[in-house]
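All remarks here apply to the structure that follows.
Values quoted throughout were computed directly from the atomic coordinates according to the rules given, and no laboratory measurement underlies them. Keep in mind that this is a model prediction, so the values were computed, not measured.
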Amino acid sequence: MEKLKLILPTLSYAEQIMDYKAEMFAADSSMDGCGHLRRCETAEEWMAYNASLSDPGTLPEGRVLSTQFITVRESDNKLVGMLQVRHTLNDYLRQFGGHIGYSVRPSERRKGYATEQLRQALTWCKEELKLDKVMISCYDTNEPSRRTILKHGGIYEGTSLEPDRGKNLERYWIDL
C-alpha cells in the first residue's frame, strides 16, 4: 500500500477538497469525517468552520473541540480521505458519532486507506489527546467500515437509530 499522511487542511488543497466533495456527492456517500463540508460552498468556508471547532474561544454552542485532517497519498500528494477527531464526547456523539469519523473518496476505496488513516488517528488520539479509548460508529449497512473498526480492536457496544437519517448506527470502543 502507498504511504499516507494525515495533515491539517490548508488552502493549497482547496481545489482537491472541493473535488473530494463533488466525488462524494456523485457517489451519494455519507461524507463521514468531513465535518460540515457538505454544507460549505468553498474550501475556505469549510476551513474557517474547522478552525472554530479547534479553539475553545470560538467553539460553537453544542459542539466539542475537534481536529479536522485530510489524508494525502505521499507519492502524488492526492487527497484520498478525510478524518475528524472529536476530543471529547457530548451526549449526541456518545450515542451517534464517537471520537473519530472518516471516509475515503470512492475512486480510492479498497486499497487499505481507511485502515491506515484510522491507525494514524488512533496513534494521534493516544499521543496528543492522551485518550485511553475511543468510540467509533458506523452504519449497520457499512460492512467495509465495520471491518476497519474491527481490525483495530473495536468492541461492539450497541446499535442506535440515528434520528436525522433514520439509519442504525453501531457503536464500537477501541482501547488505545
Helix-only estimate, please: 222 nm mean residue ellipticity of the chain, summing -39500 (n - 2.57) across DSSP H runs of length 4 or more and dividing by its residues, to the nearest 500. -9000 deg cm²/dmol
Using each residue's phi in segment 125-131, evaluate 6.51 cos²θ - 1.76 cosθ + 1.60 at θ = phi - 60° and report the 3J(HN,Hα) Karplus result to the nearest Hz, with x for Gly and Pro. 4, 6, 7, 8, 9, 6, 7
For the chain, set up a GNM with springs between Cα atoms under 10 Å and report which of Arg105, Arg146, Arg63 has the largest fluctuation. Arg63
Please identify, among Leu59, Leu37, Leu11, the residue showing maximal mean-square fluctuation in a Gaussian network model of the chain using a 10 angstrom Cα cutoff. Leu11
Test of understanding: in a Gaussian network model of the chain with alpha carbons linked when under 10 Å, which of Phe69, Phe96, Phe25 would top the mean-square fluctuation ranking? Phe25
Can you list the lysines whose alpha carbon sits under 28 Å from that of Lys133, skipping same-chain ones fewer than 8 residues off? Lys3, Lys5, Lys111, Lys151, Lys167
